[in-house]
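Below you'll find the structure, written out as structure tokens, and then a few comments.
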Amino acid sequence: MRKLSMLLVPGLVSMALAAGPVLTSAYAAGSDEPSPPKSDSSTKKGKKKSSSVSDPKFLAAYRTAYTTIYDKHDYTDAIGQLKQLKRDDVADVANLIGYSYRKLGDYQSSKVYYEIALKDDPNHVRTWQYYGLWQLEQGNREQAQYHLNKIASLAGTDSAEYRSLAAALDKPTGATLVY
């Protein structure tokens, strides 16, 4: 038995280490901590933005808004909290504002913020997912499929974002989406 465990343990450890990067990349798209803006939007007309995404006060306020959305489901308050950050040009912030507007049924405002997010970061996987769900809710199945293909190219078909949108696309048109 001891010889068997001596052979198995190193193999299991090396398998776990090899799988580590795959798991990290699959879930890196959305979190309670925003990534730095991809575009150079830290200045507008020569003026610095009032908060940096690495500023501890900014991060605390962002996390509060994130919790307001995902734990409390209070989308109206979350929109206000996110707009107070004065960084809705950052993909993570714009995406959460878009998500909140979509959950409130304000599809036009939601679309505006999803497009702001993708302007900052065209590879923002969570925005592609949420915007794909937006497309489905609007009856645009072909556009939702385009978003799904984009997610596959960015994060792979094993990513949570891909699986979520794929499951929604598998439902018949007019079905209530639960996500």
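In terms of the ratio Rg/(2.2 N^0.38 Å) built on C-alpha atoms, what value belongs to segment 101-142?
Against the empirical 2.2 N^0.38 Å value, I get 1.08 for segment 101-142.
P(r) of segment 125-172 in 10 Å steps, Cα pairs, percent per bin?
34, 59, 7
Hey, rough spin-label estimate for Asn140 and Lys103, points 7 angstrom out along Cα→Cβ, what's it come to in nanometres?
2.2 nm
Work out the FRET efficiency for Ala160 and Asp77 from their Cβ-Cβ distance, taking R0 = 25 Å, and round it to the nearest 0.05.
Numbers: r = 26 Å, r/R0 = 1.03.
Result of the calculation: an efficiency of 0.45.
Sort Trp134, Trp128 so that the residue with the fewest other Cβ atoms within 10 Å of its own Cβ comes first and the one with the most comes last.
Sorted ascending by nearby Cβ count, the order is Trp134, Trp128.
Read-outs: derived from the displayed coordinates by stated rules, not from any lab. All values reported here derive from a predicted model rather than from experimental measurement. Heads up, the Cβs are rebuilt from the backbone with ideal geometry, glycines too, and the neighbour counts pull from every protein chain shown.
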